[in-house]
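The next block holds one structure in the form of structure tokens; read it before the comments.
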Amino acid sequence: MATRSTPPGVDAAFTDATRRGSTGDTLRKLGVQGGRIAPHRSMIGLRASPALLLDLLVLPSIMLVSVFVLLDPLMRAWRWIMDALRGPLDLGDAISTTVITLAPSIAVAVPVYQVDAGWPTTAQLAGGWIFTAVLASIGAALRGGFIPVGYLLRALAMMQLAAQVWFTLAGPPFPYSLAVYGSGLLVTGVVILLLAPFLVGATFFVFDFPLHKKLSLGALLLGHLAVLFPLQATVHVWLIKNVSMLAMPMLFLVFGVLLDVFVYVALYGWAMSWRSGRELDAVVRRPPVPSRRLRRVSPNA
Amino acid sequence: MIVLLATIGMWVAVVVLTVYTARHYFFTLNRLFGKHRQPYVDIVAGEWPTVAVFVPAHNESAVIRDSLDALLATDYPRDRLVIVPVDDRSSDNTRAILMEYATREPLRIRPHLRDGGQPGKAAALREAMELYQADVFLVFDADYIPGPRLLRQLAAPFFDPEVGAVMGRVVPLNVGSSLLTRLLDLERAGGYQVDQQARMNLGLVPQYGGTVGGVRRSALRQVGGWRVDSLAEDTDITYRLLLAGWEVVYQNRSECYEEVPETWPVRIRQIQRWARGHNQVLSTYLGRLIRNPMRLPQRQVIDGVLLLGVFVVPLVLIMGWVCAITLFFTGSRPQWGPMAVLAVSAFNTVGNFAAFFQVAAASRLDGSRERIRVLPFMLLGFLVSTFAVARASSSRSSWMKQKDVSWDKTERYRGGNGNGGSNGERNGPTAEAKV
């Protein structure tokens, strides 16, 4: 009676798995010569574990505490950046401070440009109309692969149109001063910095990335936003000061928090493409049927 | 008064979007960590039901050979399978190709040729299906290329007498053709790998998408067959089966390749057609679903309602933006107080992100690691979808039954340039990632 010999790797892997007290599930996935049988992508998933729960609770907490601890030095850094840019960009004589109470015992001193912008002049309004028309025209003219950009430009044109109509029909004062607007942007920035750890925790830490990669995205995001916010506020304030209040609505609605969200989307998209070295790396999607094989077309097609 | 209305409108939008955001997030977590419900995937032997595979076609000469070759190469028992390409008034070479295949495989390929009657996929299917007595009717669009085991996988759920319809997974074939196809690949992944499978796991309402799937003949007859006045006969049949107590199941393992639109105008027309069809179903079945005469589980009713509302969300989103702009100009923002600012910021940062989370998770599950890098470009896709769907959803035709439903062209790209293939293919869940 012939006996089938077992490939040598299987014995070793089996013994090793058994020695480590592996479950039947582990053994079920044990392939020839000790290899691992990767599940099909339709079956793959992650396993909730105490370590994962720890990642979800502890890492965001560490990030949050770090943000709180670093808030004062961060505000000093923002003040330094804004002060350095204030002179060359002619953004007022000094940087003042506004104290924002985030919670009963937590306040933060946000730096503020002391500048103001006027109600748009007739020339500025006319320029705005031309700008709106150009945006709408280019948006409508774009074809082919640029259609989405066309949609974006037309959406911006609609938003600017609303501002044009408002500033044409209404009279001063505008409900927001430039200084309050600038400080509002930075306060929102602080709020986002405080929310960011939970966002990263809820959307990235749930995956099977190693600890250093999880911390890397958290640090990248917080670091990027920490530098972005004062620069973003400076650009907004400079534009509004030079272009008048006419620029404020679009800057606030499109290039404010929405832009900040897409900073995270971009970083997140990159981070999600990193290797985890674990469960989700087990599946590699191969290209589908080579297109060459499908390029047979009937002569009359 | 304007401020009050704008405030109400904006908070309505925030609440609606928050509900859909929570749904995205919950589905994604369920797909990642939940117990997979794929009860029929291990059925490999049995007394297989008789199956008729219908392939609706209208000017499909560029792609139909690949589809028929693939169907003939499947491992479904030969004596239990008949393939019925349904040619509806093609003006190209499609009919000649079908006759060529029918001559070669007379027992398995039986073309159904139409020159009259109401045009359109639903009408063609309705007419052809009345002539066949197979236990199960499967449907593939003419550009789909089923793998060798796909028919068995799709037929297996029908061993369960409660199953009325089954839906497989659609995977784009022409992923690398353009930015749009890459974005659609991500959307499809989110829609099927996460959304549909989570619904299956949770016992909710997986959607029959009109292709790569099928219905039990007796169930179809019981609910009155295909509606020829519907632009979304697939969504329509999903809800009629649901309301009649049948189960619709999703098979994530049953994958089939399809061509996705490669150009934006084609994509816009496609998604507007889906929106109009979906909204017709919404107006027809929402009331009945809420009244729940069949005493369906509450979770199915809630999921069914949310699924019906998917194409109304872009309208709500735009309303929210208009209200936000109004409030901005009226200077109402400071009156909201820090908590409101915090809530809106939280929604903007965390809430809006849920769709990206779902898509990224799906692509990661798919092993399409590097494709996730185009994630930020989905903003452009969302923008186009939002305005295109909003335009379709605000049109009158979106809410009324159609008198004349015809073939709506979806271009084919195989074999060179896009050419005039067509079908009414409509993969509802794929639109989910847009919300």
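According to the calculation over all Cα-Cα pairs in segment B:198-298, the P(r) per 10 Å bin from zero is 13, 41, 36, 9, 0 %.
Among rounded, prolate and oblate, which fits segment B:1-119 when a ≥ b ≥ c are the square roots of the eigenvalues of its C-alpha gyration tensor, a/c under 1.5 means rounded, and a/b larger than b/c means prolate? Judged from the Cα gyration tensor, segment B:1-119 comes out oblate (a/c at least 1.5, b/c at or above a/b). Under a Gaussian network description of chain B, with springs only between Cα atoms under 10 Å, the residue in B:Val310, B:Val139, B:Val322 that fluctuates furthest is B:Val322. Put the Cα centre of segment A:225-260 next to the Cα centre of segment B:42-117 and the gap is 59 Å. Working note: 222 nm ellipticity from helices only, DSSP H runs with n ≥ 4, each -39,500 (n - 2.57), summed and divided by the residues of chain B, gives -14500 deg cm²/dmol to the nearest 500.
By other beta-carbon atoms within 10 Å, ranking B:Asp115, B:Asp141 with the fewest at the front produces B:Asp115, B:Asp141. Can you list the aspartates and glutamates whose alpha carbon sits under 18 Å from that of A:Lys241, skipping same-chain ones fewer than 8 residues off? Within the straight-line cut-off, A:Lys241 pairs with A:Asp83, A:Asp90, A:Asp93, A:Asp116. Across peptide B:321-331, the mean count of Cβ atoms from other chains lying within 10 Å of each residue's own Cβ comes to 4. Within segment A:252-284, what residues put their amide N at less than 12 Å from the label point 7 Å along the Cα-to-Cβ vector of A:Arg47? Only A:279 fall inside the zone, counting backbone N under 12 Å. Summary value for segment A:97-223: 24 percent relative contact order, contacts being C-alpha pairs under 8 angstrom separated by 6+ residues.
Rounded to the nearest whole Å³, what is the per residue volume of the convex hull around the Cα atoms of segment B:118-277? Let's see the in-between values first.
Numbers: hull volume 18.4 nm³, N = 160.
So the per-residue Cα hull volume is 115 Å³.
Expressed in units of 2.2 N^0.38 Å, where N is the residue count, the Cα radius of gyration of chain B is 0.99.
Each Cα pair under 8 Å and six or more residues apart adds its sequence gap; the mean of these over the residue count of chain B is a relative contact order of 25 percent. Computed from the C-beta positions of B:Leu286 and B:Arg221, the FRET efficiency with R₀ = 22 Å rounds to 0.30. For peptide B:357-368, the mean count of partner chain Cβ atoms within 10 Å of a residue's Cβ comes to 6. Taking 7 Å steps out from each Cα toward its Cβ at A:Leu220 and B:Ile2 produces label points 4.5 nm apart.
Counted by neighbouring Cβ atoms within 10 Å, the residues B:Val3, B:Val55 run from fewest to most as B:Val3, B:Val55.
What FRET efficiency comes out for the pair A:Leu161/B:Met99, r = Cβ-Cβ distance, R0 = 35 Å, nearest 0.05? So the FRET efficiency works out to roughly 0.05. Name the residue from B:Thr28, B:Val55, B:Val44 whose Cα lies farthest towards the positive end of the charge dipole of segment B:1-157, charges +1 on Cβ of Lys and Arg and -1 on Cβ of Asp and Glu. With unit charges placed on the Cβ atoms, the residue in question is B:Thr28. Toward the positive end of the charge dipole of segment B:1-153, with +1 on the Cβ of Lys and Arg and -1 on the Cβ of Asp and Glu, the farthest Cα among B:Met1, B:Val86, B:Leu138 is that of B:Met1. Principal-axis analysis of the Cα atoms of chain B puts helix B:378-393 at an angle of about 80° to the longest axis.
Could you work out which residue, out of B:Glu259, B:Glu47, B:Glu247, moves most in a Gaussian network model of chain B, that is, has the largest mean-square fluctuation with Cα springs under 10 Å? Judging by the Gaussian network model, the answer is B:Glu47. Shielding of peptide B:372-381 by partners, expressed as the average count of other chain Cβ atoms within 10 Å per residue Cβ, is 5.
Highest mean packing first, where packing is the average number of other Cβ atoms within 10 Å per residue, the peptides B:79-91, B:353-365 line up as B:353-365, B:79-91.
Counting neighbouring beta carbons within 10 Å and listing from fewest to most, the residues A:Leu228, A:Leu53 come out as A:Leu53, A:Leu228. Subtracting the Cα-Cα distance of B:Gln298 and B:Leu113 from 0.36 nm times their residue separation leaves 62.2 nm of extension gain.
Estimated from the Cβ-Cβ distance and a Förster radius of 30 angstrom, the FRET efficiency linking A:Arg143 and A:Leu228 is about 0.35.
All of the numbers you see were taken from the coordinates with simple rules; none came from a lab. This is a predicted model, so every value here is computed, not measured. When we count neighbours, we look across all protein chains shown, and the Cβ atoms used for this are built from the backbone with ideal geometry, even at glycine.
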